[in-house]
1. Among what's in the range 64-94 and is part of a loop (DSSP other than H, G, I, E, B) and touching a Leu at 6+ places or on another chain (Cβ under 7 Å), pick the residue that is most open to solvent (accessible area, probe 1.4 Å).
2. Pick from the range 95-109 the residues that are assigned to a loop (DSSP other than H, G, I, E, B) and open to solvent by less than 60 Å² (accessible area, probe 1.4 Å): which of them is farthest from Arg40 (Cα to Cα)?
3. Taking only the range 14-45 into account, find how many residues are at pLDDT 80 or above and either open to solvent by less than 30 Å² (accessible area, probe 1.4 Å) or closer than 19 Å to Gly167 by Cα (or both).
4. Can you name the residue in the range 124-158 that is closer than 24 Å to Asp33 by Cβ and of a type in the set (D, E, K, R) and is also modelled with the lowest pLDDT among such residues?
5. Among the listed residues Leu121, Leu161, identify the single one that is modelled with pLDDT under 85 and surrounded by 11 or more Cβ atoms within 10 Å (Cβ to Cβ).
6. Give me the pairs, please: first residue somewhere in the range 114-141 and under 30 Å from Arg40 (Cα atoms), second residue anywhere and at pLDDT 60 or above and open to solvent by 70 Å² or more (accessible area, probe 1.4 Å), beta-carbon distance under 7 Å, and either six or more positions apart or on two chains.
7. Looking at (1) farther than 22 Å from Glu27 by Cβ; (2) surrounded by 14 or more Cβ atoms within 10 Å (Cβ to Cβ), which is the only condition Ile60 fails?
Amino acid sequence: MYVVVDTTGARHNLVQPDRLEADRRAELPIHRDTITAGPRETLEAILHVATHALCQVRGITEVTNRGMRHNKRFREAAEELGMKWPEGQPPHPTRGFSPVPLTDSAVKGYAPLLTALGTSLDGVVLGVEEHGGRSGRRITLQCECTDPVRTFQIGPRIASLGPIKCGVCGKDFTEK
């Protein structure tokens, strides 16, 4: 599993491990602001994704509105992992029962994990993107396919992170 540091707030799809392609791993998206906030917030984010996974394994539909609104079944599954929706508070109008905070007893139960997570996060430096994000410059990548030719545009910083393989010809996309 890869931990993906999300800098944009983009939604991620939770992929079931049995549906992954042979050369792909599941992603655990955690927003950079969450990591910066500390171990408790990071653990809450991890448990949020774990709640979705728990519901997915059980065949429970836990979200509506294109995955944005978390329903009571999500809240109930989150409670199994040590989180609890605040008593008497109505669900958020668009996000529903999200985020669900850790209970005090769960914080005690997860204490060794929180300590280890705090130690792991200590000293982690998350770089700041220059120019506030996109530079506007794009490069065109192309694979070896010829019928039809397959190309796409991508930012040079993202392209430099590693090879991008074509699912049709199996070759790397390269700059043309």
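1. Within the range 64-94, the subset part of a loop (DSSP other than H, G, I, E, B) is 65-68, 71, 81-82, 84-91, 93-94.
Right, trim to touching a Leu at 6+ places or on another chain (Cβ under 7 Å) and you get 81-82.
On the way: Leu81: 42, Gly82: 16 Å².
Filtering the range 64-94 for residues that are part of a loop (DSSP other than H, G, I, E, B) and touching a Leu at 6+ places or on another chain (Cβ under 7 Å), the one most open to solvent (accessible area, probe 1.4 Å) comes out as Leu81.
2. Residues of the range 95-109 assigned to a loop (DSSP other than H, G, I, E, B): 95, 97-101, 103.
In the following step, the residues that additionally are open to solvent by less than 60 Å² (accessible area, probe 1.4 Å) were identified as 97-98, 100-101, 103.
Working: Phe97: 19, Ser98: 16, Val100: 12, Pro101: 9, Thr103: 11 Å.
Only one residue fits best here, namely Phe97.
3. Total meeting the criteria: 6.
4. Checked the range 124-158; the qualifying residue modelled with the lowest pLDDT is Glu130.
5. Leu121
6. Sorted first by the residue in the range 114-141, then by its partner, the pairs are Leu114/Arg40; Leu126/Thr36.
7. (1)
The values are calculated or read from the model by the stated rules, or taken from the named source; none is laboratory data. Predicted model, so just to flag it, every value in this text is computed and none were measured. All Cβ positions, even for glycine, are placed from backbone atoms using ideal geometry, and neighbour counts span all protein chains on display. SASA here: full protein model, heavy atoms, side chains in, ligands and nucleic acids out. Shrake-Rupley method; radii C 1.70, N 1.55, O 1.52, S 1.80 Å.
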